[in-house]
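The values are calculated or read from the model by the stated rules, or taken from the named source; none is laboratory data. For clarity, every value in this text was computed on a predicted model and none was experimentally measured. Quick reminder, even Gly has a Cβ in these numbers, built from the backbone with ideal geometry, and neighbours come from all protein chains shown.
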Amino acid sequence: MSNLSYINDNDGAWQTYLAQIDRVAPYLEHLKEYIDTLKRPKRALIVDVPIVMDDGSIRHFEGYRVQHSLSRGPGKGGIRYHPDVDLNEVMALSAWMTIKTAALNLPFGGAKGGIRVDPRSLSLRELERLTRRYTSEISHIIGPQKDIPAPDVGTNPHVMGWIMDTYSSGQGHTVTGVVTGKPVHLGGSLGRIKATGRGVFITGQQVAQKIQLPLKDAKVAVQGFGNVGSEAAYLFVQAQAKIVAIQDHTGTIYNPEGMNVDALKLHLEQHQGVAGFTDAKAISNDEFWTVEMDIFIPAALEGQITAERAQNLTAKLVLEGANGPTYPQADDILTQRGVTVVPDVICNAGGVTVSYFEWVQDMASFFWSEEEINQRLDALMIKAIHDVWQTAEEKVCSLRTAAYILACERILRARKERGIFPG
Ligand code: GLU
C-alpha cells in the first residue's frame, strides 16, 4: 500500500519498490521511525511540454522529474523517453537511484525524469525542441548542486548536450556539471558510455567466481541489446563465454553454439535490431524465457521476470542490467530455486558511478584518462559487490536485501542525523 493519494495501488514499478522496502525493514529496526521516508518521494514535478512539430502543428507531451531523496547530496538519475513513462514508473526509478547511489556510497540522493513519448517517432529537430522545452520546465529544480540528470532508456549524449546548453543559456554561463553522460568534448567523461555494461560484467564476474560458475563456455542470454546489454555481452564473450540468445524490440534470436560477435556487430550497424541476423535462428518471444542458459542479463525495462518466468528460467546467475526487471514474487522464487540475482542497484551502478566521476571532473575542470576511470570504476564496483556478498552471508538473505540493508542504513542515518526540520 502506498498511502499516497496521488498514486494507485496497481501493479506498477512503485509497488515493486515498496515490496523491496518491506523486505528490508525487519533489518532496520534501529532506524524504524525513519523508514517511511523511503516510501514517499521528497518532490515530484509534472510538466506540460508543448512543442511545434515540423508540420507546424502543436503537440503536448507529459514530462516528469521526481526527486526521491536529497538526504545524502544532490539528486542524481537519468531521463527516460519512452511511451510508457508515467508518474508511478518515474517515482520507482527515482527511488532505485536513491538506493543505488547509497549502495555505492556516492555522495548523491536519487532522482529520475522522463517524458511520455516514443522518441523514434520524432525528427531530430522535434527531439531537440522537446528536450529544450522540458529542460526549461524543470530548470528551477535541477543544477550541479541540486539535481543532476543523465541518460536513460531513449536518451543519449546528444540529448544531454542540449540539456546542458539550454540550462546554461538560462544561467548566462556554461554549466557543464548540470548533467552527466554528455559528449566528451562538452565536458563528458571518457568511459561513460560503456560504464553500465562494464559494471554488469565486473559484478557478474565477481559473483560467478563466488558461486563457482566458470565463464568459459558459459551460455549467456540477454534481453535488450542497447548500450548496456551489448557492452556486457561483448565483455562476457571476451571472457570466453557465449551469447546464445538475444531479445530486443525487433525480435528474439537463438544459437545454442554461441553467436559470431563480429558478424553480429556488423548486422547491428546496418539494421534496427537483432531481427534477421543470419548466424542465429529466430524464436518466439515466449521461447526466449525457457532456452538453456547459465547467465541471464535483463537489460531492457522493468517488470520482465514474472513468477512464471522465474519458475522456468534455466539460468544460475541473473545480472540485472535494467532497473527493476524482477517482480518481488519472482525474486522470492529465484531465491528459493537457488538462482543468484545480482540486483540492479549494484549490477547496473557502473553508469552512475562514472557519472559521479564526470561530475567531479567538471567541478575540477581536470579530466582523467580512460584507463584511470576504468580502474577507479572496477575498484568501486568490486568493493561494493564484496560488501553486499558479505552482508548477505552474515544476515542470510538475498543479495538484493543485503544491498538494501547497506544502502538504507546510509540513507536513514543521514536522515536521522540531519533531523526533521523544524525539529
Ligand atoms: N540512467 C542510469 C541509471 O539508471 C544512469 C544514471 C546516472 O548516471 O545518473 O542508473
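A few notes on this one:
- One residue stands out in region 408-423 among those that are part of a helix (DSSP H, G or I) and out of contact with any Ser or Thr (no Cβ under 8 Å at 6 or more places or on another chain): the one that is nearest to ILE333 (Cα to Cα), namely CYS408.
To keep it simple, each residue is scored yes or no on (1) in a loop (DSSP other than H, G, I, E, B); (2) crowded, with 19+ Cβ neighbours inside 10 Å.
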position: MET97; (1), (2): no, yes
position: GLY113; (1), (2): no, yes
position: GLU126; (1), (2): no, no
position: GLN145; (1), (2): yes, no
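- Test: residue in region 142-165 that is away from the ligand (no atom under 15 Å from the Cβ), modelled with pLDDT of 95 or more and touching a strand residue (DSSP E or B) at 6+ places or on another chain (Cβ under 8 Å): no
- Each residue in region 325-358 was checked for being farther than 24 Å from ALA92 by Cα and not charged (D, E, K, R), and 4 of them qualify.
- Test result for VAL159, of a type in the set (A, V, I, L, M, F, W, C) and either part of a loop (DSSP other than H, G, I, E, B) or touching an Asp or Glu at 6+ places or on another chain (Cβ under 7 Å) (or both): no
- Taken over region 1-46, residues that are more than 11 Å from LEU87 (Cβ to Cβ), assigned to a helix (DSSP H, G or I) and not aromatic (Phe, Trp, Tyr) amount to 22.
- Members of region 167-182 that are within 15 Å of the ligand (Cβ to nearest atom) and either surrounded by 24 or more Cβ atoms within 10 Å (Cβ to Cβ) or assigned to a loop (DSSP other than H, G, I, E, B) (or both): VAL178, VAL179, THR180, GLY181, LYS182
- Residue that is farthest from GLY199 (Cα to Cα) [pool: residues in region 321-330 that are touching a Pro at 6+ places or on another chain (Cβ under 9 Å) and in a loop (DSSP other than H, G, I, E, B)]: PRO325
- Given (1) surrounded by fewer than 18 Cβ atoms within 10 Å (Cβ to Cβ); (2) in contact with a Phe, Trp or Tyr (Cβ under 7 Å, 6 or more places away or on another chain), number of the condition LEU235 does not satisfy: (1)
- Residues of region 349-373 satisfying the condition of being aromatic (Phe, Trp, Tyr) and over 23 Å from the mean Cα position of the chain (by Cα): PHE366, PHE367, TRP368
- Any pair with Cβ under 6 angstrom, 6 or more apart, that starts in region 352-370 at a residue that is over 14 Å from PRO157 (Cα atoms) and ends at one that is more than 9 Å from the ligand (Cβ to nearest atom) and assigned to a helix (DSSP H, G or I): THR353/LEU377; THR353/LEU380; PHE357/ILE373; TRP359/GLY177; ASP362/THR176; ASP362/GLY177; MET363/GLY177; PHE367/GLN361
- Looking only at residues of region 43-85 that are without any contact (Cβ under 8 Å) to a residue 40 or more places away in the chain and surrounded by fewer than 21 Cβ atoms within 10 Å (Cβ to Cβ), we find that the one that is nearest to the ligand (Cβ to nearest atom) is GLY73.
- Test: residue in region 113-128 that is under 16 Å from the mean Cα position of the chain (by Cα) and within 13 Å of the ligand (Cβ to nearest atom): yes
- Taking each residue of region 300-319 that is touching a residue at least 12 places away in the same chain (Cβ under 8 Å) and looking for partners that are acidic (Asp, Glu) with beta-carbon atoms closer than 7 Å, six or more apart or interchain, yields THR314/GLU292; ALA315/ASP294; LYS316/ASP294; LEU317/ASP294.
- For region 99-109, taking the residues that are of a type outside the set (Lys, Arg) and near the ligand (Cβ under 9 Å from one of its atoms), the one that is surrounded by the fewest Cβ atoms within 10 Å (Cβ to Cβ) is identified as PHE108.
- Under the condition of being within 16 Å of the ligand (Cβ to nearest atom) and among the hydroxyl-bearing types (Ser, Thr, Tyr), the residues counted in region 319-357 number 4.
- Test: residue in region 395-405 that is of a type in the set (A, V, I, L, M, F, W, C), in contact (Cβ under 8 Å) with a residue 12 or more places away in the chain and surrounded by fewer than 14 Cβ atoms within 10 Å (Cβ to Cβ): no
- Answer from VAL352, VAL339, VAL388, VAL345 - the residue that is out of contact with any Phe, Trp or Tyr (no Cβ under 8 Å at 6 or more places or on another chain), within 30 Å of GLY12 (Cα to Cα) and surrounded by 24 or more Cβ atoms within 10 Å (Cβ to Cβ): VAL388
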